[in-house]
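Note sheet for the following structure.
The values are calculated or read from the model by the stated rules, or taken from the named source; none is laboratory data. Since the model is a prediction, treat every value here as computed from it, not as a measurement. Quick reminder, even Gly has a Cβ in these numbers, built from the backbone with ideal geometry, and neighbours come from all protein chains shown. Areas reflect the complete protein model, heavy atoms only, side chains present, ligands, DNA and RNA absent. Shrake-Rupley method; radii C 1.70, N 1.55, O 1.52, S 1.80 Å.
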2 protein chains.
Amino acid sequence: MEQRVFNFSAGPAGLPLAALQEAQRDLLVYPGAGASIMEISHRSKAFEPVLQSARDNITQLLNIPSNYKVLFLQGGASMQFSQIPMNFLRGTGKSADYILTGAWGAKAIKEAKKEGATRTVWSGKEEGYKRVPAQSELDLDANASYCHFTTNETIEGVQFQTEPEVGTVPLVCDMSSDFLSRTFDVTKYALIYAGAQKNIGPAGVVAVIIRDDMLAKVPDGLPSMLDYKLAADNDSMYNTPPCFAIYIVALVTKWLINDIGGLDKVDARNREKAKYIYDAIDNSDGYYRGHAQKDCRSLMNPTWRLPNEELEAKFVKEAKAASMDGLKGHRSVGGIRASIYNAMPVDGCKALAEFMAEFAKKNG
Amino acid sequence: MEQRVFNFSAGPAGLPLAALQEAQRDLLVYPGAGASIMEISHRSKAFEPVLQSARDNITQLLNIPSNYKVLFLQGGASMQFSQIPMNFLRGTGKSADYILTGAWGAKAIKEAKKEGATRTVWSGKEEGYKRVPAQSELDLDANASYCHFTTNETIEGVQFQTEPEVGTVPLVCDMSSDFLSRTFDVTKYALIYAGAQKNIGPAGVVAVIIRDDMLAKVPDGLPSMLDYKLAADNDSMYNTPPCFAIYIVALVTKWLINDIGGLDKVDARNREKAKYIYDAIDNSDGYYRGHAQKDCRSLMNPTWRLPNEELEAKFVKEAKAASMDGLKGHRSVGGIRASIYNAMPVDGCKALAEFMAEFAKKNG
């Protein structure tokens, strides 16, 4: 068999080897089903516990109170960009607040504008998306239908360290790229959504955590597939869900609980991992220049530049030859991006930090 | 390892063993990628040929002309129920024609009504969805924005043998449960959609074949994820597609081409398979009573009743003990349903037919 490499891909991203091995073992016959997990009814006795387990694991990891529902939907975060304003903005006569800290937030605003009025209550665009706002910089509307932000911007590598304070306005959040990567207080949120393909599974499923009072606001007449209440009332099985993707989420979240030891440990491990990279940047005498302002650095997607583009290309090429793949920065930002989501082992970050020091010495 | 059974599940349904075995072999390291197919970027050099192959295989199998696009979307047929009228009915001032032959068609109409005016041009409801209409029974609107029908109704086991003739009105079709199961002329259609989880892959991806003139009609301002033109312009990668599900579609369609020998062979094989079951019904002296009118019988989902519900329960139980699973009819129809999609081997249908004869003899 070919070798697995250290996979710094921004998403779809690496998965825990233990989860992949279990999926591989059971791919032809899921225990008790007489068929692959891909081949059985979503309403079968074999599949329903799988969905339940994915839901229970997330609930346990985040200590989610009983007035929230955990849903599994399709269409990724991009469908959520529309589904949220369709459910909570359209026809309300209110506007929605958006905090803009990067490329994904900009896409969320673009879709919301199609459904109703929005206010961009802070934008990092002119500064090149290098930081998140201070609380005092937010021009909040106390009557907004909701306030939306993006916890972690994958392209720029900028991450909120704590939630913005929005009073009684429902706080809505795209947590696609740092969901289940660190501890946080779910009760501060009205709705959290996360495409699975960074930290918790493969592409093709999005996890949504939604508070009951939001479900009560869902208007009549929405397309059934975009109606949060219908999804909640049907336990994410209004139609056939993306069963295999949910199965992998169940395996990955089991790994987070049993192998890593719960979210406190996940959090500490991810901080340790990111520190290797940021230390390599900070100890390079300016050879590596981080994109994000230090107090807004992402634990998931460190981004940095080298002295010039030729050296960046050389860095990516030589890293790949050393079994570290996926390090090229997003075309809109350039430079280097190391996506170090949950499944990236500590050793991968250590190896990259060592490579960085070595590369700077040779090419400085 | 546990045994694989003959899987008569209505969907998600069986997959070809060869496809599952290849997926299992490569699950940890996709050749040339250094990682699982689930772990690599959808824009990577390893994944793009996979999507291309799924598209090319479908194009080859159906001999699709170059004025059509093949797309891979999310949300299943249920999302298409809304996406179609959002793209082609809303705001047109026209109404859409729907031919109603079963439970899925009814759901399609329900969603369309949220977006604009619809006309049900024929309904099989009062007859208990036992047949499809004759051409002469259709009350068509020559000015309709489109005419929608469901080629095969999985719950009732009723299938169109040929397309309805709708003149210049765009013909739109839910082919979820018989897509790539038989030969047909794509050029009669303006739009075909099919959830993968019956004949071509796992749940979580829907294939759409759409004619260029329909793409030209897509209005501005739709949610990006529901805009066919945007999907076509971005080769199904406006956002991260459901990569693993598309990969399995590529493997299943490769199997249809290489192992079965193309769509003519698939068609003949599925007719042979269905004949075993229908012969067992017709040769039972009325012990088994088929639900569908004979000239509307489904090649995919034969449905039938036994003399009483106790015998039906016994049939399902004893069949399961004989390694034939998933035969219970849908709760709304009752009785028995044998879903015999592409991946069901001929031997599975033979075995079921023999079991049926034996069961009737013992319990007649």
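Restricting to region B:18-34, count the residues that are touching a residue at least 24 places away in the same chain (Cβ under 8 Å) and either among the basic types (Lys, Arg) or in contact with a Lys or Arg (Cβ under 8 Å, 6 or more places away or on another chain) (or both).
So the answer is 1.
Just checking, how many residues over region A:1-30 are open to solvent by 10 Å² or more (accessible area, probe 1.4 Å), more than 7 Å from chain B (Cβ to nearest Cβ) and touching an Asp or Glu at 6+ places or on another chain (Cβ under 9 Å)?
Summing the residues that are open to solvent by 10 Å² or more (accessible area, probe 1.4 Å), more than 7 Å from chain B (Cβ to nearest Cβ) and touching an Asp or Glu at 6+ places or on another chain (Cβ under 9 Å) in region A:1-30 gives 3.
Does B:ILE37 satisfy being closer than 16 Å to B:ILE246 by Cβ, facing another protein chain (nearest Cβ under 10 Å) and in contact (Cβ under 8 Å) with a residue 24 or more places away in the chain?
For B:ILE37, the condition - closer than 16 Å to B:ILE246 by Cβ, facing another protein chain (nearest Cβ under 10 Å) and in contact (Cβ under 8 Å) with a residue 24 or more places away in the chain - is met.
Considering only residues of region A:317-328 that are of a type outside the set (A, V, I, L, M) and within 13 Å of chain B (Cβ to nearest Cβ), which is surrounded by the most Cβ atoms within 10 Å (Cβ to Cβ)?
A:GLY326
Output the residues belonging to region B:333-342 that are open to solvent by 20 Å² or more (accessible area, probe 1.4 Å) and within 13 Å of chain A (Cβ to nearest Cβ). Walk me through how you get there before you give the answer.
Within region B:333-342, the first condition is being open to solvent by 20 Å² or more (accessible area, probe 1.4 Å), and the residues that meet it are B:333-334, B:337.
Scanning region B:333-342 gives a single hit, B:ARG337.
Does region A:201-209 contain any residue that is over 24 Å from A:VAL50 (Cβ atoms) and either touching a Leu at 6+ places or on another chain (Cβ under 9 Å) or hydroxyl-bearing (Ser, Thr, Tyr) (or both)?
no
Give the residues of region A:74-131 that are in contact with a Leu (Cβ under 7 Å, 6 or more places away or on another chain), charged (D, E, K, R) and surrounded by 17 or more Cβ atoms within 10 Å (Cβ to Cβ), sorted by residue number.
If the condition is that a residue be in contact with a Leu (Cβ under 7 Å, 6 or more places away or on another chain), charged (D, E, K, R) and surrounded by 17 or more Cβ atoms within 10 Å (Cβ to Cβ), then A:ASP97, A:GLU115 are the ones that fit.
Would you point out the residue of region A:141-155, among those that are touching a Phe, Trp or Tyr at 6+ places or on another chain (Cβ under 9 Å) and of a type in the set (A, V, I, L, M, F, W, C), that is surrounded by the fewest Cβ atoms within 10 Å (Cβ to Cβ)?
A:ILE155
Which members of region B:51-69 meet the condition of being open to solvent by less than 10 Å² (accessible area, probe 1.4 Å), under 26 Å from A:GLN197 (Cα atoms) and of a type outside the set (Gly, Ala, Ser)?
B:LEU51
Is there a residue in region B:83-90 that is of a type in the set (D, E, K, R) and either within 11 Å of another protein chain (Cβ to nearest Cβ) or closer than 24 Å to B:ASP213 by Cβ (or both)?
yes
Residues of region A:292-316 being outside any strand (DSSP E or B), open to solvent by less than 10 Å² (accessible area, probe 1.4 Å) and closer than 19 Å to A:GLY102 by Cα, which ones?
Our first condition is that a residue be outside any strand (DSSP E or B); within region A:292-316, this holds for A:292-296, A:298-302, A:306-316.
Checking the rest, the ones that are also open to solvent by less than 10 Å² (accessible area, probe 1.4 Å) come to A:296, A:298, A:300-302, A:306, A:315.
Once the filter is applied, which keeps residues that are outside any strand (DSSP E or B), open to solvent by less than 10 Å² (accessible area, probe 1.4 Å) and closer than 19 Å to A:GLY102 by Cα, region A:292-316 yields A:CYS296, A:SER298, A:MET300, A:ASN301, A:PRO302.
Do we have any residue at all in region B:276-286 that's under 22 Å from A:VAL29 (Cβ atoms), open to solvent by 20 Å² or more (accessible area, probe 1.4 Å) and either polar (S, T, N, Q) or not in a helix (DSSP H, G or I) (or both)?
no
Among the residues of region A:225-260 satisfying the criterion of being polar (S, T, N, Q) and surrounded by fewer than 20 Cβ atoms within 10 Å (Cβ to Cβ), which is nearest to the other protein chains (Cβ to nearest Cβ)?
The qualifying residue nearest to the other protein chains (Cβ to nearest Cβ) is A:ASN234.
Taking the stated definitions as given, is A:GLU111 within 14 Å of another protein chain (Cβ to nearest Cβ), over 14 Å from A:ASP139 (Cβ atoms) and assigned to a helix (DSSP H, G or I)?
Yes.
Could you grab the pairs with beta carbons closer than 9 Å, sequence gap of 6+ or different chains, first residue in region B:315-341 and assigned by TED's automatic domain parsing to the domain that holds B:ALA357, second one of a type in the set (Asp, Glu) and in a loop (DSSP other than H, G, I, E, B)?
These pairs meet every condition: B:HIS330/B:GLU156; B:SER332/B:GLU156; B:VAL333/B:GLU156; B:TYR341/B:ASP178.
Exactly one condition in (1) open to solvent by 50 Å² or more (accessible area, probe 1.4 Å); (2) more than 11 Å from every other protein chain (Cβ to nearest Cβ) is false for B:VAL218; which is it?
(1)
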